[in-house]
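In what follows, a structure is listed as structure tokens, so that the remarks can point back to it.
None of the figures in this text is laboratory data; all of them are computed from the coordinates on show. Predicted, not measured: the structure shown is a model, and the values here were computed from it. Note that we place each Cβ from the backbone using ideal geometry, even for glycine, and neighbour counts take in every protein chain shown.
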Amino acid sequence: MPSPDLPGDAERLYDASDVDHAIDRLAVRMAIDLQDVEPILVCVMNGGLPFTAALMRRFAFPLELDYVHAVRYRGGSAVSGKVEAPRGGELEVRVDLTRDVTERVVVLADDVLDRGTTLARVAERISRAGAARVYTAVLVNKRVPGRDFVADYVALDAPDRYLVGAGMDCGGWFRNLNGIYALPDQGLPTP
């Protein structure tokens with residue numbers, strides 16, 4: 001199947017430079033808090049991979065790396081030329097942590113905070129596993145009304161729209177874009 005093209009009317013919210021500068025600023029804040037605790041940095045797959053890698057390159061203190069592949073969304077897709085929003089469901093942990101988190105500081109890194117349910121549930125699982133403290137870090141915090149969960153560390157804010165780039169995808173596409181784009185309401189063309 002050929003890849004869809006990013007719609008010409010997709011709105012660029014942040015270019016690559018904006019994203020890099022925001023991660024720089026966030027990494028300084030995080031380093032101040034974490035440099036003496038030797039945390040476990042946990043990537044929430046798949047979207048959190050670019051953000052986690054960017055953070056790691058900026059940290060000069062000892063840390064361990066792990067990942068968890070937990071999903072609630074089954075991925076948005078282009079259907080009849082419109083973006084179909086992903087649907088949330090029960091938390092499915094496809095791959096769990098390999099490191100023992102008992103009495104450790106854990107930092108969960110993810111691409112975007114939408115409703116917060118997935119990140120909250122993963123953080124809760126890690127707390128129940130005995131972590132001393134669980135921090136959450138997101139590249140993008142969507143301004144979602146009525147959300148209860150708040151991430152500890154946020155690099156960028158964005159409107160509550162369908163976003164792609166910098167780890168965020170639509171049907172598996174566009175994670176590799178360096179900037180962050182809001183898709184138009186009419187969505188992607190069907191490939």
If we sort 15-27, 167-179 on the protection proxy, mean other Cβ atoms within 10 Å, highest first, what's the order? 167-179, 15-27
Can you give me the long-range amide H partners of GLU64? Hydrogens built in the peptide plane at 1.01 Å from N, cutoff under 5 Å, separation of 5 or more residues or another chain. ILE40, LEU41
Would you kindly compute the Cα radius of gyration of region 97-152 and its largest Cα-Cα separation (Dmax), both in Å? 11.7, 36
For ARG143 paired with ARG99, estimate the spin-label separation in nm (one decimal), with each label point 7 Å from Cα along the Cα-to-Cβ line. 3.5 nm
Across the Cα atoms of region 126-191, what radius of gyration and what greatest pairwise Cα-Cα distance (Dmax) are found, in Å? 14.9, 47
Using 7 Å Cα-to-Cβ label points, what is the ASP9/GLU90 separation (nm, one decimal)? 4.1 nm
